[in-house]
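Each remark here refers to the structure printed beneath this line.
The values are calculated or read from the model by the stated rules, or taken from the named source; none is laboratory data. Computed from a prediction, not measured in an experiment: that's the story for all the values here. Backbone-built Cβ (ideal geometry, glycine too); neighbour counts: all protein chains shown. Side chains are part of the model used for accessible areas, which takes the heavy atoms of the whole protein and leaves out ligands, DNA and RNA. Shrake-Rupley method; radii C 1.70, N 1.55, O 1.52, S 1.80 Å.
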Amino acid sequence: MLIVAAVVAVLGLSAAGARRVSFDADVLSLLPRDGRVIPAFRQYLSSFGSVDQLYVVFTAPAHHGVTEYVDELDDWIHRLRLAPEVAQVDAGVADDTRNFAWLADRELLLLGGKPLDAALARLTPGGIAAAVASRRELLALPSSQMADAVRHDPIGLTEIISDTLGSAARGLSASVATRGYVSEDGRSRLLIAQPTRPPYDTTFSRALDARLQEIQAAVQAGDAARAADPDEPLPALQVEFAGGHRIAVETEAVVRRESILNTAGSLALILPLLFVAFRSLWLVLVGSLPSAMSLLVVLGILGFSGATLSAAAAGSAAMLFGLGVDGVVLLYVAHRLAVDEGTPADGLVPALAGPSSSMLLGMWTTAATFYGLAFVDFPSLQQLGLLIGHAMMICGVLTLVLVPALLPRSIVAGSGRRLTMPWLAEWVARRRGMVLGAAALTTGVLGIAAAGLHVNPTLDRLRSVTGAARLEEQLAAMFGLPREVYVVLAGGADLESLLQTNERLTARISSELPGVGVQSPTRLLPSQATQEQTAARIRDARLSPDAVRASLDRAAEASGFRPGSFQPFSDRLPQLLNAADRLTYEGYEANGLGDLARRFVVRDKTRWLTATYVFPTDSEQVASLERLVDRVDPSQTLTGLPLVNRELASRFLPQFLKGLVIGTLIVVALVVLAFRQWRLSLYALAPTVLGLVWAAGLLALARVELDLFALFAVVTFIGVGVDYGIHLVHRFQERGDAGRAVSELAPVILVAAAITLFGYGTLLDSSYPPLRSIGIVSAISVLTLAAASVLVLPALLMGKRG
């Protein structure tokens, strides 16, 4: 009773801890930590990328435009700005939250070289006269927006800086205008919000999601009030959310749901199989207990430690049932065989000593292969390895303790279904040569075919596929959101040094790679040294506000403009020509233009980070860019999704071999220590080698494209396959008769394979691509490992004496 009470207490405590486990939906957690390009890409996305942004997209029904819903959109913008979870809202319009006048007053500081010469020339009497005359032509067609633009910029300075400021903008196809970010068909509009916390703080993401639902309900209630008695009510506006926060909420829900469904599905398949195979209600009730308890204990420990599980690791937990039930089946069959052999009641538990050691060795070799994943530089795979590895270690101990204590005492010899397969032993004995020859031929053919196995180690194979993720892809095409880009990332404690280095880099790219487009931070924020040079040139031009204003008045009168037409521009001339003012990062932030600056410059605690966007068109330009970036400053890194995929492709094989070698060495060491004979150890390992070669060949012939997770799943099957070999070789060692060992263990191996197949097979229907890949590899591997274990290994053993 004391043991039962202790177990119940531990399980209760573990259940409380398991509820605290949070899930990480971030695809970046699947990436290696080391390297150069990948860490830089992770840093870029976390500091500059769209992963931290919330997208709210409004879509009008067919035959309606989104501009018809001005009141509803204004209500949304107002409520979003009041939300405590939202730091800033970019509506894409010049409003009182974005002081573009501050930037316009300093626009000359954005220019240099010939553009600055052209701008200063337009401020001379001759330049003003020509520019104002050309403005008259722009007003040939009536347009209030054009007239307002001419009043504020009669000499066309905006034309000169449009390339600079335009290319440095967010990258949206819609510009800052009265309508905001509106799609080409006029039916959709985008709002971009910056939440106060990162998206993979799932507690915050859920709070933000609840706030959005609250705002949506409030806006809809306001619409209903406004439309109480309209002449022609508008149909409802569709509102959708995308971005990292929404993806995190949806992925967490998917992971939780699939973890439960996969676990329930595994048990729904495994438990009936146990009953059909052995006609034992006891096995159905007890079979999954050690697995469930060990998983609960590990999740409880993780929960209390504050750990966050990746989506892939959490969703893979169901495979534990396919691995852990094997040990219960092995001990149950050994118990039944002992009863059928007439073993007295007091000798039944001692009769389980040999099978128990085999079971424990099998559990721990499986754990060892998962522990091999803990040494690879892929965080999610490390989590998967530790989660299942710890659970298998605990499961082995629980099986060893619980099963003998719970075994039924009332089984009568000869009762129930026969648990041996003598016919299989006889068949293998008669056709031993044929079996070994076929195995050799199959191994050769499939081994050659395995060379054609294709692995796609790119992030595209690992992306989330939730509704919000799909919507974000659509928004990228609809609004021109930045997608796959190349970025030069630089960091340091001194922003001025970073900006000066960036100016050198931009100049080198322009001169050495003129065909490569560049969007650099110094387009919006030139270094203070460069701004001082620009200010000196402005001072040297000796342009006084009064003289420019007088020239402007004469030009306006000559072109037929009414007096005072250009008063807004005249009013800002003193500020425009004030060479003492400067553009600063703090100035952008203070004037509501921080979203423009933060695409290029961010403060990361005590460091500054800058991002320069480059647009090479072919691999040769990419290689030239990498060399140029290193020459300008080796501490900078050229990164981007194509380069990440390239680094992944170069790193996965060494990491795979590392995990494979470590897991294999641990397994081999355990097997050799257990059998203390190199020949028996090799026999125990043989089904694993053959089964995995066959699986690789079949996957290659079926043209199955594997991702990183599918490939690393192979590492875990070393332990699964070795289990079968260990059990059979151990029984052969005990009985001294290969035929009898095969007869007694073949049912256990086949049922264990079916259990593992069902445990992993539920992943085949997963909506999360990495889990689905594991399911595919697992299904094929289990079948080939089982075939090698019940056919080839018996044939090898039958040529030896116990």
With respect to Leu475, determine if the residue is assigned to a helix (DSSP H, G or I), touching a strand residue (DSSP E or B) at 6+ places or on another chain (Cβ under 9 Å) and at pLDDT below 85. yes
Enumerate the pairs (first residue in the stretch 437-459 and more than 13 Å from Leu711 (Cβ to Cβ); second residue anywhere and among the β-branched types (Val, Ile, Thr) and open to solvent by less than 40 Å² (accessible area, probe 1.4 Å)) with beta-carbon separation below 6 Å, excluding pairs fewer than 6 apart on the same chain, so at least 6 apart or on different chains. Ala439/Val792
What number of residues in the stretch 611-643 are in contact with a Ser or Thr (Cβ under 8 Å, 6 or more places away or on another chain) and among the aromatic types (Phe, Trp, Tyr)? 1
Within the stretch 749-777, track down each residue that is surrounded by fewer than 24 Cβ atoms within 10 Å (Cβ to Cβ) and touching a strand residue (DSSP E or B) at 6+ places or on another chain (Cβ under 9 Å). Ile776
Give me a count of the residues in the stretch 534-559 that are in a helix (DSSP H, G or I) and polar (S, T, N, Q). 2
Looking at this structure, is Val219 modelled with pLDDT of 80 or more and crowded, with 19+ Cβ neighbours inside 10 Å? yes
Would you mind telling me which numbered condition in (1) surrounded by fewer than 21 Cβ atoms within 10 Å (Cβ to Cβ); (2) farther than 30 Å from Ala529 by Cα; (3) modelled with pLDDT of 65 or more Thr466 fails? (1)
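Quick grid of which residues meet (1) more than 37 Å from the chain's Cα centre (by Cα); (2) open to solvent by 40 Å² or more (accessible area, probe 1.4 Å); (3) among the acidic types (Asp, Glu):
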position	(1), (2), (3)
Glu647	no, no, yes
Ser681	yes, no, no
Pro687	no, no, no
Leu701	no, yes, no
Phe717	no, no, no
Across (1) at pLDDT below 80; (2) more than 16 Å from the chain's Cα centre (by Cα); (3) crowded, with 20+ Cβ neighbours inside 10 Å, Ala9 clears everything bar (3)
Identify all residues within the stretch 669-679 that are in a helix (DSSP H, G or I), open to solvent by 100 Å² or more (accessible area, probe 1.4 Å), free of Cβ contacts under 8 Å to residues at least 60 places away in the same chain and farther than 19 Å from Gly372 by Cα; write none if there are none. Trp678
Within the stretch 628-645, take every residue that is of a type outside the set (Val, Ile, Thr) and within 18 Å of Val485 (Cα to Cα) and give me the one that is most open to solvent (accessible area, probe 1.4 Å). Pro642
Mind checking which residues of the stretch 604-619 are surrounded by fewer than 17 Cβ atoms within 10 Å (Cβ to Cβ) and modelled with pLDDT of 90 or more? Arg607
Could we say that Asp581 is farther than 21 Å from Gln519 by Cα, open to solvent by 30 Å² or more (accessible area, probe 1.4 Å) and without any contact (Cβ under 8 Å) to a residue 12 or more places away in the chain here? no
Scanning for something under 30 Å from Leu157 (Cβ atoms) and open to solvent by less than 60 Å² (accessible area, probe 1.4 Å), does the stretch 50-73 turn up at least one residue? no
Residue check: is Leu165 modelled with pLDDT of 85 or more, open to solvent by less than 50 Å² (accessible area, probe 1.4 Å) and either of a type in the set (A, V, I, L, M) or under 27 Å from Asp595 (Cα atoms) (or both)? no
Report yes if some residue within the stretch 85-94 is closer than 27 Å to Arg598 by Cβ, open to solvent by less than 10 Å² (accessible area, probe 1.4 Å) and assigned to a loop (DSSP other than H, G, I, E, B); otherwise report no. yes
Which members of the stretch 577-598 meet the condition of being in a helix (DSSP H, G or I) and under 16 Å from Gln531 (Cα atoms)? Tyr585, Glu586, Gly587, Tyr588
Ser410 vs. criteria open to solvent by 30 Å² or more (accessible area, probe 1.4 Å), at pLDDT below 75, small (Gly, Ala, Ser) and under 28 Å from Arg740 (Cα atoms): yes
Six or more apart or on different chains, Cβ under 7 Å: which pairs go from a residue in the stretch 38-59 that's in a helix (DSSP H, G or I) and at pLDDT below 80 to one that's open to solvent by 40 Å² or more (accessible area, probe 1.4 Å) and of a type outside the set (S, T, N, Q)? Could you list them? Ser47/Asp604; Ser50/Pro482; Asp52/Pro198
Return the residues of the stretch 88-131 that are hydroxyl-bearing (Ser, Thr, Tyr) and more than 30 Å from Asp71 (Cβ to Cβ); say none if nothing qualifies. Thr124
Which residue pairs have Cβ atoms under 6 Å apart, sit 6 or more places apart or on different chains, and have a first residue in the stretch 694-710 that is over 24 Å from Leu384 (Cβ atoms) and a second that is part of a loop (DSSP other than H, G, I, E, B) and open to solvent by 10 Å² or more (accessible area, probe 1.4 Å)? Ala700/Gly452; Ala700/Leu453
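To keep it simple, each residue is scored yes or no on (1) over 26 Å from Gly659 (Cβ atoms); (2) at pLDDT 80 or above; (3) touching a helix residue (DSSP H, G or I) at 6+ places or on another chain (Cβ under 8 Å).
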{"residue": "Leu708", "(1), (2), (3)": "no, no, yes"}
{"residue": "Ile726", "(1), (2), (3)": "no, yes, yes"}
{"residue": "His730", "(1), (2), (3)": "yes, yes, yes"}
{"residue": "Gly736", "(1), (2), (3)": "yes, yes, no"}
{"residue": "Ile755", "(1), (2), (3)": "no, no, yes"}
Does Gly739 meet the test of being open to solvent by less than 10 Å² (accessible area, probe 1.4 Å) and under 22 Å from Glu426 (Cβ atoms)? no
Going through (1) without any contact (Cβ under 8 Å) to a residue 60 or more places away in the chain; (2) out of contact with any helix residue (DSSP H, G or I) (no Cβ under 7 Å at 6 or more places or on another chain) one by one, Ser570 fails only at (2)
Just give me the residues in the stretch 234-259 being more than 17 Å from the chain's Cα centre (by Cα) and modelled with pLDDT of 70 or more, in sequence order. Leu234, Pro235, Ala236, Leu237, Gln238, Val239, Glu240, Phe241, Arg257
Residue identified as under 25 Å from Ile161 (Cα atoms), loosely packed, with under 14 Cβ neighbours inside 10 Å and not hydroxyl-bearing (Ser, Thr, Tyr) among Arg539, Arg523, Arg562, Arg508: Arg539
